[in-house]
Amino acid sequence: MRILILGAGGVGSAAARISARRRFPSAVVVADYDPARAEAAAAAVADDRFVARRLDASDQSAVEALIRAERIDAVLGATDPRFTMPIFRAALATKIHYLDMAMSLSRPHESEPYTRTGVKLGDDQFALAGEWAASGRVALVGIGVEPGLSDVFARYAADHLFSEIEELGVRDGANLAVAGFDFAPSFSIWTTIEECLNPPLIYEKDRGWFTTEPFSQPEVFDFPEGIGPVECVNVEHEEVVLMPRWIDAKRVTFKYGLGDEFISVLKTLHKLGLDRTDTVRVGGVEVSPRDVVAACLPDPATLGDRMTGKTCAGVWVRGTGTDGAARSTYLYHVVDNEWSMREYGTQAVVWQTAVNPVVALELLATGQWSGSGVLGPEAFDAVPFLDLLAGEYGSPWGSQELAAT
């Protein structure tokens with residue numbers, strides 16, 4: 001498989017390091033708007049299958065040209081979600097497989113943003129599902145860790161652990177700390193602002209999709225492997241869009257362990273208008289306030305040496321087990337920053353995000369996963385994925401039984 005990794009930030013660079021250890025890629029092009037980043041990501045793996053290219057992900061025609069010139073079979077979008085659609089359309093036009101970790105952006109309902117959906121995450125992509133099905137290629141959307149691995153867990157639970165599912169509740173938490181910084185997000189602040197300040201989505205089978213207030217319905221969830229209790233709140237996320245399309249569940253939610261300080265900072269950014277993506281004029285220059293915020297913060301990819309702790313992603317499934325009894329199970333994946341830095345030179349959050357699309361690419365390359373159209377991770381058999389992740393990729397997942405209520 002000839003692969004284009006588009007975006008050489010933390011996740012794209014981690015995906016390059018992970019895929020360099022696998023035999024299935026015959027060639028990997030690492031591309032970025034900043035050629036120095038692309039060159040650094042390609043050079044870090046010391047593998048002649050990898051080359052660097054400069055590419056503007058917002059320029060669909062340029063993406064198409066590179067795909068054709070390099071005879072690419074599959075593109076992995078590792079950019080901010082504002083560039084999702086140009087890459088998505090370029091892959092469709094050139095009839096190659098497409099993978100992303102962040103779906104097309106949502107737009108809140110104009111008059112009732114905290115009760116009704118407007119344009120949901122991924123709506124722009126699913127609008128082209130017919131064309132993708134006709135192309136015979138797979139557009140695998142939302143295949144990071146969340147969305148991504150959490151969706152694979154949901155598929156596994158539906159197929160092997162539960163006869164009826166009351167709720168699929170994605171829960172994400174960590175005990176990570178970054179020395180030397182008062183505020184240093186471990187993931188793209190651009191994406192974090194987008195998902196945390198938009199109206200969170202909830203799905204209920206009898207009601208469909210609806211929205212609620214940001215940071216609403218706080219609950220304390222006790223995360224495994226020493227992380228412990230973390231307060232989690234409602235956040236907009238793709239799992240709530242994807243899971244109900246392929247899995248029969250009465251309710252789907254996403255809650256993120258942000259912490260009071262992080263929430264306070266996000267609320268302040270919003271109050272000051274610094275979360276805006278439209279440009280403002282400053283001293284004769286047009287700038288996006290959100291881009292300025294991102295530029296003022298440390299690059300998450302560079303924080304690994306200062307970071308300690310673990311990050312956990314998973315899905316809390318409640319319902320009726322295959323034995324007919326009430327069941328409550330948390331399926332999860334934990335990455336220790338000490339391990340990811342030692343093994344890959346990559347901090348835990350970006351490594352955990354990057355490993356999943358590489359596993360999926362391998363399954364597509366070997367034919368263990370196949371199909372056509374716009375598909376979420378839930379559309380595929382979970383077992384080959386989980387076996388490969390825990391086996392040859394050396395990153396085991398866990399399952400914890402909780403009190404059924």
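Give me the 1.4 Å probe accessible area per residue for the chain, excluding ligands and nucleic acids, in Å². Please report the intermediate quantities before stating the final value.
Details: 16100 Å² over 405 residues.
On a per-residue basis, the chain sits at 40 Å².
First check a/c for region 1-113, with a ≥ b ≥ c the square roots of the eigenvalues of its C-alpha gyration tensor; if it is under 1.5, answer rounded, and if not, answer prolate when a/b is larger than b/c or oblate otherwise.
The shape class here is prolate.
Return the carbon/sulfur percentage of the accessible area of region 230-273, one whole number, probe 1.4 Å, all protein chains in place.
Of the solvent-accessible surface of region 230-273, carbon and sulfur hold 48 percent.
Rounded, prolate or oblate: which fits region 29-76, taking a ≥ b ≥ c as square roots of the Cα gyration tensor eigenvalues, rounded meaning a/c under 1.5, else prolate when a/b beats b/c?
oblate
Hey, can you grab everything whose amide H is under 5 Å from the amide H of residue 58? Only 5+ residues off in sequence or another chain; H modelled, so Pro and N-termini drop out.
Excluding prolines and chain starts, which carry no amide H, there are no hits.
Once every DSSP H run of n ≥ 4 in the chain is given -39500 (n - 2.57) and the sum is divided by its residues, what mean residue ellipticity at 222 nm do you get, rounded to the nearest 500 deg cm²/dmol? Please list the in-between numbers first.
Working: 14 runs with 133 residues, N = 405.
Theoretical 222 nm ellipticity from helices: -9500 deg cm²/dmol.
Could you check the spin-label model distance between residue 69 and residue 48? Points 7 Å from the Cα along Cα→Cβ, value in nm.
In this crude spin-label approximation the distance works out to 2.2 nm.
Rounded if a/c is under 1.5, else prolate if a/b beats b/c, else oblate: with a ≥ b ≥ c from the C-alpha gyration tensor eigenvalues square-rooted, which is region 173-262? Walk me through the intermediate numbers first.
Details: a/c = 2.28, a/b = 1.70, b/c = 1.34.
It comes out prolate by the Cα gyration axes.
Taking Cα pairs under 8 Å and at least six residues apart, what relative contact order does the chain come out at, in percent?
Computed over the chain, the figure is 20 percent.
Pop out the carbon and sulfur fraction of the accessible area of region 63-136 as a percent, whole number, probe 1.4 Å.
Ligands and nucleic acids excluded, carbon and sulfur give 49 percent.
Please give the residues of region 178-208, grouped as numeric ranges, whose backbone N is less than 19 Å from a label point set 7 Å along the Cα-to-Cβ vector of residue 308.
Hits in region 178-208 for residue 308 at 19 Å: 178-186.
Count of lysine pairs in the chain with Cα atoms under 30 Å apart, counting only pairs 8 or more residues apart in sequence or on different chains?
Lysine pairs, 8 or more places apart or on different chains, close enough: 12.
So between residue 338 and residue 231, what do we pick up on full extension, going 0.36 nm a residue minus the alpha carbon distance?
Here the segment from residue 338 to residue 231 would lengthen by 36.1 nm.
Between (i) 5, 23, 35, 27, 9, 1, 0; (ii) 5, 23, 32, 25, 13, 3, 0; (iii) 5, 20, 27, 22, 11, 5, 3, 3, 2, 1, 1, 0, 0, 0, which matches P(r) over Cα pairs in 10 Å bins from 0, in percent calculated for the structure shown?
It is the value labelled (i).
Determine the relative contact order of region 17-125: mean sequence separation of Cα pairs under 8 Å and six or more apart, normalised by residue count, in whole percent.
Normalised by residue count, the contact order of region 17-125 is 18 percent.
Leaving out ligands, DNA and RNA, what percent of the accessible area of region 282-363 is carbon and sulfur, probe 1.4 Å?
51
What ³J(HN,Hα) values, in whole Hz, does the Karplus curve 6.51 cos²θ - 1.76 cosθ + 1.60 give for region 312-317 when θ = phi - 60°, with x put for Gly and Pro?
Working through the residues one at a time gives 10, 10, x, 10, 9, 10 Hz.
Cβ neighbours within 10 Å, averaged per peptide: list 200-212, 21-33 in order, most packed at the top.
So the peptides 200-212, 21-33, ranked by packing, come out 21-33, 200-212.
Scan the chain and note any complete DSSP helix (H) whose C-alpha atoms cover at least 24 Å along its axis and whose Kyte-Doolittle average is -1.0 or more.
348-366
Net charge within 11 Å of residue 64 by Cβ-Cβ distance, Lys/Arg positive one each and Asp/Glu negative one each, not counting residue 64 itself?
Spelling it out: positives minus negatives among the neighbours equals +2.
So for each of 188-197, 345-354 I average, over its residues, the number of other beta carbons within 10 Å; can you give me the resulting order with the highest mean first?
345-354, 188-197
Could you sort the peptides 87-95, 35-43 by per-residue average Cβ neighbour count (10 Å cutoff), highest mean leading?
Values: 87-95: 21.4, 35-43: 19.1.
Top to bottom by mean Cβ count within 10 Å: 87-95, 35-43.
The values are calculated or read from the model by the stated rules, or taken from the named source; none is laboratory data. The model shown is predicted, which means the values in this text are computed figures rather than measured ones. No Cβ is skipped: glycine too gets one built from the backbone with ideal geometry, and neighbour counts run over all protein chains shown. Accessible surface is based on the protein model in full, side chains and every heavy atom, while ligands, DNA and RNA are left aside. Shrake-Rupley method; radii C 1.70, N 1.55, O 1.52, S 1.80 Å.
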